[in-house]
1. How do 97-108, 260-271 rank on mean C-beta neighbours within 10 Å, highest first?
2. Quick one: Cα centre-to-centre distance for segment 26-59 and segment 221-289, in angstrom?
3. With just the Cα atoms defining each centre, how far is segment 185-207 from segment 118-162? Give it in Å.
4. Check the straight Cα-Cα distances from residue 240 and name the aspartates and glutamates below 13 Å, setting aside those fewer than 8 residues away within the same chain.
5. Around residue 218, which amide H atoms from residues at least 5 apart in sequence, or from another chain, sit under 5 Å from its own amide H, with H modelled in the peptide plane?
6. With no solvent and one point per C-alpha, what does the Debye sum give as log10 I(q)/I(0) for segment 110-256 at q = 0.10, 0.11, 0.21 Å⁻¹?
7. Given the rule -39500 (n - 2.57) for each run of at least 4 DSSP H residues, summed and divided by the residues of the chain, what is its mean residue ellipticity at 222 nm, to the nearest 500 deg cm²/dmol?
8. Leaving out same-chain residues fewer than 8 places away, which lysines sit with a Cα under 19 Å from that of residue 165?
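The values are calculated or read from the model by the stated rules, or taken from the named source; none is laboratory data. From a predicted model like this one, the values you see are computed outputs, not experimental measurements. Positions of Cβ are generated from backbone atoms using ideal geometry, with glycine treated the same way; all protein chains shown enter the neighbour counts. Side chains included, ligands, DNA and RNA excluded: accessible areas come from the protein's heavy atoms. Shrake-Rupley method; radii C 1.70, N 1.55, O 1.52, S 1.80 Å.
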Amino acid sequence: MRENIDGHTLLIGLMAYPIRHSLSPKMQNIVYSKLNIPYVYLAFEVTAEKLPDAIKGMRALGMRGSAVSMPNKQLVCRYLDKLTPAVELIGACNTISNDDGVLTGYNTDGMGYMRSLKEAGIDVIGKKMTLLGAGGAATAIAVQAALDGVKEIAIFNKKDDFYPKAQEIAERINQKTNCKVKLFDLDDSQALRREIAESYLLNNGTSVGMKPLEGQSIITDTSMFHSNLVVTDCIYMPRKTKFLELAESQGCRILNGIGMMLWQGAAQIKIWTGQETPIDYVKEKMGFND
Ligand code: NAD
């Protein structure tokens with residue numbers, strides 16, 4: 001790939017801290033090589049303190065764009081020229097596109113999740129879903145699902161710091177979209193049972209199930225699952241969480257977070273290049289086919 005780099009090659013960044021563990025540089029560069037796109041994608045350790053200078057640098061260097069991850073997803077919004085309606089609702093951005101000096105903020109996490117459902121033949125549009133969690137990933141999913149036409153979303157979160165923020169987001173979604181969103185305390189097991197029973201799809205958007213909580217499930221009472229329920233997990237490491245394992249044992253269709261991860265990257269590539277990602281090729285090259 002390095003042989004293809006010349007004076008016309010454009011730079012895409014990833015601004016986050018810590019970030020050296022990220023799979024995105026590998027995935028993105030595989031696609032640019034395969035499609036012969038003259039871009040190179042590099043990860044930069046950018047703390048919140050360094051973010052304003054990094055954005056100035058992005059403008060000065062004429063970078064084509066940048067991905068943004070923690071701790072910068074919310075903070076970055078104030079340094080951009082335009083935000084998509086999804087970013088306005090979520091209050092967080094994971095993708096910047098630099099179009100002739102105009103920086104637009106997008107959020108592709110929810111787009112990636114919704115696309116992964118579509119690609120798996122799961123149609124939640126016009127239906128009800130239950131969403132466990134109200135952090136970054138779950139919020140992006142709730143907003144995109146509402147914008148895409150999901151009819152009703154029941155969000156469950158424990159009464160931690162995320163809860164009041166989730167209340168605000170739920171109110172915003174109810175005001176700005178046709179979707180009806182309700183927030184519940186995760187400890188309210190009666191409400192949880194009722195909402196899941198009425199849902200077509202149940203998603204785990206909490207970090208319960210991955211390290212250091214690997215082996216744990218956000219739902220332990222398997223009688224909450226019904227066989228018509230589609231059960232998804234944002235987690236992709238491990239591939240099959242305890243949550244998915246329990247759901248599968250009750251006859252539910254299950255889907256892990258690999259598709260969400262790959263399709264959110266594909267959505268970024270579409271924004272930066274206008275091109276579709278050859279996802280099967282990426283899966284094979286990244287070793288995600290097992
Ligand atoms: P976050 O820190 O923003 O949110 C964490 C969420 O988990 C909150 O809702 C919090 O209340 C909940 N939570 C944490 N510990 C809990 C516990 N013990 N019991 C109940 N709830 C608990 O994190 P995030 O960025 O939203 O990530 C959440 C999960 O989604 C992670 O596992 C992450 O790996 C995964 N994720 C996957 C993708 C993907 O592309 N597949 C993208 C982003 C995040």
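1. Numbers: 97-108: 18.2, 260-271: 23.6.
Final packing ranking: 260-271, 97-108.
2. 25 Å
3. So the separation of the two Cα centres works out to 11 Å.
4. Excluding near neighbours in sequence, the set is 214, 248, 290.
5. 243
6. Treating every Cα as an identical point scatterer, log10 I(q)/I(0) equals -0.29, -0.35, -1.45.
7. On the way: 10 runs with 108 residues, N = 290.
After summing the helix terms and dividing by residue count, I get -11000 deg cm²/dmol.
8. 73, 176, 180, 182
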